[in-house]
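Shown next, in structure tokens, is the structure this report addresses.
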Amino acid sequence: MNHANGIEAEYEALLQFLYLAPVGLVQMTPDGGVTIMNPLAAQLLMPLSRDGGLDNLFRVLEPVAPELRNLAESFTADSGTICDSLRVQLTAGIPGRVDPRMLSVSLLRLDAARTMAVLTDITVAVKRERQLRQSEAWFNAVLNDVTDYALMALDTAGRIEIWNPGIARLTGYDAARVTGQSLALFHAPGAITPERIADRLHEADCNGWSLDEGWCVRADGSRFWASTMIAPLTGIDDEPNGQTEEARGYALIIRDISDRRDNAERLLRESECDHLTGIANRRKFFQVAELELQRWNRAPRPLALLVIDADHFKRINDTWGHAAGDAVLRNLARTLTSSLRDIDAVARIGGEEFAALLPSTDLADAMNLAQRLCDAVAAQRVDIGDSSIGYTVSIGVAVMHKGIAGLDLLLREADAGLYSAKRAGRNRIAHAAPTLENA
């Protein structure tokens, strides 16, 4: 009797701990079935539930973190850490709110029958972390490895004004080929647009600098992984009439950081890439898209969104198995990335749903691209063992306009186009006209 009372007291203490813990805690079965959940976990998860139910964690998080179920299913040890601090974007952003909510998810296998999930709202921490990375990158660009950088002056339009030997040392360009050229000279075709250059100059004005990492191109066509920083310059010029006027311009620093690329890519894969396909995950996509919409609100320009969904994907899984379904998704991701520009943002945002954000792209160009994607996918075959699987996609197209207040509404219009394409028979594209409330 005393032993039974002791167990009951321990159980009550455990429940009290779960309910008072400052993080969300969920105990569940290996397939995600919830057995115990504290109030904070319910508060974090309830906005994601489509039917108001919280009986299976993987099903609730499927739209925003489809990889969780696969991570749990592929974990073979009897106990241990399945994933640690996986970052999940909870919303596409609230109109007027810059930072959408971010959730950290850790999964622990306790034993063969029990798995524990730890959920933490890290929205504020992520914002501070981003600001800290920017500050550290700024100092590194100025202070470190002074022999592997090129420094040049830009005019107010981002054209190179002054050549120096550092440019030749890093990029191989001489003065005649550089002076008066746009900084796009150092980027591969499709990696930057005039609108993006204007955005970076504006961000430098607002923040004190604009930082980016990516591929740059030398005069001989070879590529190197670079960190580029643009910082505003100001001065006072004396005018002939005795008046003074503030002179504006920018400094551009390009640094070759190819030696750090492998480590940088590893960190990006861990935090920003979908584990199955290798392309950007939902969190990274929403981060990029929110920034692009902020740019559009400041200076409207063509901007299009494609939402791509694999047709009859459940039938593929049921017929050939989940391994075949995974192979199809990887094939779709490769087709999308090979068909898009470097500046376009493509990501897996759900189970078999992908999205592509296309800067400087109007409706006509977006529709043409969507049709080419549709045709390219239909021509693919995915070989699994002795089977050769063909599949198709449906694509919804939306373009940014003044009636859209945030990313959620842009996604809603693209989804409306996607549903139209599916209702019309699949393997096709559709653009849903803006609704009256958004027109």
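The values are calculated or read from the model by the stated rules, or taken from the named source; none is laboratory data. Small disclaimer: the values here were computed from a predicted structure and weren't measured. No Cβ is skipped: glycine too gets one built from the backbone with ideal geometry, and neighbour counts run over all protein chains shown.
Annotations
- The range 77-90 residues that are closer than 19 Å to V60 by Cα, paired with ones that are aromatic (F, W, Y) (beta carbon under 6 Å, 6 or more apart): I82/F75; Q89/F286
- Being crowded, with 17+ Cβ neighbours inside 10 Å and either farther than 15 Å from V399 by Cα or assigned by TED's automatic domain parsing to the domain that holds K422 (or both) is true of Q287.
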